[in-house]
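The values are calculated or read from the model by the stated rules, or taken from the named source; none is laboratory data. Note that the structure is predicted; figures quoted are calculated from it, not measured. As a convention, Cβ positions derive from the backbone with ideal geometry for all residues, glycine included, and neighbour counts pool all protein chains shown. Accessible surface is based on the protein model in full, side chains and every heavy atom, while ligands, DNA and RNA are left aside. Shrake-Rupley method; radii C 1.70, N 1.55, O 1.52, S 1.80 Å.
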Amino acid sequence: MKVGIDAIQMYIPKVVLPIEKLAIARNIDAAKLSKGLGLEAMRLTDIDEDVVSMGTTAVHRLLQQENITLSKVDRLYVGTESSIDNSKPVASYILQNIVQLDGENKSIDCDAVDFTFACIGAVDALQNCLDYIRLNPTKKAIVVATDFAKYDLASTGEYTQGAGAFAVLVSADPKIMTIDQEVGVATRGVFDFFKPKQYIETTQNNVKVKLPVVKDEPVFDGQYSNECYINQISAAYEKFKTEKAAFNDATDWDLICMHLPYCFQGRRTFIEIFIKENLLLLENATGENYKEKLRSVVKSEAYQNFVQEKIAPSEYLSAKVGNCYTGSIFLGLISALVNSIQQANSVKTIGFIGYGSGSKSKAFQGNLVENWQENFDAQSIMENFEDLVEIDFETYEKLHKNQLSQALVNDKTFRIEKIEAENLVLVGARYYAYKEVDKKVASIV
Ligand code: HMG
């Protein structure tokens, strides 16, 4: 039984800050961000967007593209680490938005739940749905990855921010890609990046109280998170090799899609695996000596060719969007597939290496089906990628601090209409509306 990705769609917000503007404002060497980390721009959620609105738009686009309704789908599984609620899943919001748009207001026969494990939650949802379809080949599932990466102002994560949502239809005999059953997993409980419940002290009626707060911005240690990423992806990849007997080395993969927290993370970290597989043992080098020798291997023609052929295709959209957390690996997949069509490359196998802080990595393999290009509507998927609203740095800071009172974009998407503040039994409930207007409200450059 072959199962995998039958169709895919995405929604990327239109508000954009070019990375050069951030570099100038923060007095960072622009070349470090563009040439060192591969960054061009970051996409930001507008004031009336969240993971529900983005996720709903991605699902709506997928259903329209495939000409099906949600009632034909048995599972709606969401991966997110930017949830709006500790109890009610984002999946239930998305389901309701779609059902209401179809003019219905009743229960439907569709299982819905969220998966959270930092950036790898949607890969977990995907694997869960693949197993479900293996057992129930006549069923269909939708996996949604929806997130925004928001870091503290002036932190080292600030230039890696981004946002986006992806909807993936999973079925038997898929039209785009089958996914093999073997998975290499590596998990270790660490504090490289997390969003803990914290407490702020305040006074209420002359009594000191501690109020719990959950911030969108993570607590993180950038260089340590890189170390954890390298350790887990290497361990998961090694495990994958033992799980899949027919797999030799990375040359078996035509393309490699990794979790990309920023554009060049894949190429900067896969070098460790490349060295091992090519027996470039760096002569037991340690410390600074190791770093120097590693750099020379990175610059070598062999590694640069490897990167250009296998990793770069998944990077092109990441450079323009930034980190979409759970969605980044799907953005990488879309980037690689669009590139493959544009370049008329013959791609058959894709190696996936997901990563989520905290931390876990999973390595697995996808195989593009014959004539997949006929079923991957690159034009429709990329439709909303252009026509952006570029903002200046001052507007960006206000948006970050939640100081804007008017949306920057009007678009054909779902948007937050209201967050209940008065009715005590509904406080915090979010309501969404589908906006048909398709024009910019503001173009602030
Ligand atoms: P950093 O300090 O910005 O950059 O940290 P760096 O010093 O590590 O590297 C800069 C690169 O630019 C170097 O390249 C420099 O040489 C180069 P290298 O040689 O080392 O490959 N450079 C230049 N190149 C050309 N021209 C120049 C120039 N100047 C310097 N003039 C870091 C990077 C990722 C740590 C930082 O951005 C950060 O803290 N980000 C947030 C956390 C993060 O993204 N961690 C990644 C791993 S964890 C993960 O992926 C999970 C995550 O997505 C969350 C989740 O799972 O939920 C984050």
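In units of 2.2 N^0.38 Å, what is the alpha-carbon radius of gyration of the stretch 3-443?
0.97
Using alpha-carbon pairs under 8 Å, 6+ residues apart, how would you state the relative contact order of the chain in percent?
With pairs under 8 Å counted, the relative contact order is 23 percent.
So what are the ³J(HN,Hα) numbers for the stretch 291-303, from phi and the Karplus equation (6.51, -1.76, 1.60; θ = phi - 60°), rounded to whole Hz, Gly and Pro as x?
Per residue, the Karplus-derived 3J(HN,Hα) values read 4, 5, 5, 4, 4, 5, 5, 4, 7, 4, 4, 4, 6 Hz.
Would you tally the net charge around residue 139, using a Cβ to Cβ cut-off of less than 9 Å, leaving residue 139 out, and scoring K and R as +1, D and E as -1?
Taking every Cβ under 9 Å from that of residue 139, the sum is +1.
Amide H to amide H under 5 Å from residue 357: which residues, 5+ apart in sequence or cross-chain, H placed 1.01 Å off N in plane?
Here 119, 120 satisfy the definition.
Using only the Cα atoms of the stretch 223-318, build the gyration tensor, take square roots of its eigenvalues as a ≥ b ≥ c, and label the shape rounded, prolate or oblate: rounded if a/c is under 1.5, else prolate if a/b is larger than b/c, else oblate.
It comes out rounded by the Cα gyration axes.
Show me 184-197, 129-142 ranked by packing, highest mean number of other Cβ atoms within 10 Å first.
Highest-to-lowest ranking by the protection proxy: 129-142, 184-197.
Going 7 Å from the Cα of residue 187 along its beta-carbon direction, which residues of the stretch 236-267 have the amide nitrogen within less than 15 Å of the resulting point?
Backbone N within reach: 236.
Using alpha carbon centroids, what distance separates the stretch 1-25 and the stretch 95-168, in Å?
15
Once amide H atoms are placed 1.01 Å from N in the peptide plane, what residues at a sequence separation of 5 or more from residue 104, or on another chain, have their amide H within under 5 Å of its amide H?
Amide H to amide H, under 5 Å and 5 or more residues apart or across chains, residue 104 pairs with nothing.
Sort out for me the Cα centre separation of the stretch 35-85 from the stretch 341-362, rounded to whole Å.
For the stretch 35-85 versus the stretch 341-362, the Cα centre distance is 19 Å.
With every protein chain present, what is the per residue accessible area of the stretch 229-333 (1.4 Å probe, Å²)? Let's see the in-between values first.
On the way: 4530 Å² over 105 residues.
Here the per-residue accessible area is 43 Å².
Hey, can you grab everything whose amide H is under 5 Å from the amide H of residue 76? Only 5+ residues off in sequence or another chain; H modelled, so Pro and N-termini drop out.
111, 112, 113, 142
Determine the sum of side-chain charges near residue 119: Lys and Arg each +1, Asp and Glu each -1, restricted to other residues whose C-beta is under 10 angstrom from that of residue 119.
With Lys, Arg at +1 and Asp, Glu at -1, the net is -1.
How big is the Rg/Rh ratio for the stretch 72-209, C-alpha atoms only, Rh by Kirkwood, two decimals?
Dividing the radius of gyration by the Kirkwood radius yields 1.07.
Given contacts defined as C-alpha pairs under 8 Å and at least six residues apart, what's the relative contact order of the stretch 120-241, whole-number percent?
Relative contact order here is 23 percent.
Please give the peptides 81-92, 46-57 ranked by average Cβ packing (other Cβ atoms within 10 Å per residue), highest first, as a rough proxy for protection.
46-57, 81-92
Determine the gain in length on full extension of the stretch residue 100-residue 153; use 0.36 nm per residue of separation and subtract their C-alpha separation, reporting nm with one decimal.
Net length gain for the segment: 15.3 nm.
How large a share of the accessible area of the stretch 3-443, in percent, is made up of carbon and sulfur atoms when the probe is 1.4 Å and the other protein chains stay in place?
Carbon and sulfur together cover 47 percent of it.
Can you check what the net charge comes to around residue 278, using other residues whose Cβ is under 13 Å from the Cβ of residue 278 (Lys, Arg +1; Asp, Glu -1)?
-3
Expressed in nm to one decimal, what extension gain is obtained for the pair residue 213 and residue 290 from 0.36 nm per residue of sequence separation less their Cα-Cα distance?
Gain on extension, residue 213 to residue 290, equals 23.5 nm.
With 24 Å as the limit, write out which pairs from 320/418; 239/360; 32/293; 2/244; 197/435 have Cα-Cα distances beyond it, or answer none.
Check vs 24 Å cut-off fails for 320/418; 197/435.
Under the rule a/c < 1.5 gives rounded, and otherwise a/b versus b/c splits prolate from oblate, where does the stretch 1-107 land using the Cα gyration tensor? Intermediate values should be presented prior to the final figure.
On the way: a/c = 2.72, a/b = 2.04, b/c = 1.33.
It is prolate, given that a/c is not under 1.5 and a/b is the larger ratio.
Over the stretch 64-160, what is the mean sequence separation of C-alpha contacts under 8 Å (at least six apart), divided by residue count, expressed as relative contact order in percent?
Working: 134 pairs, mean separation 37.7, N = 97.
39 percent.
Students often check this: by mean Cβ neighbours within 10 Å, which of 294-302, 155-163, 200-208 ranks highest, and how do the rest follow?
The most tightly packed comes first, giving 155-163, 294-302, 200-208.
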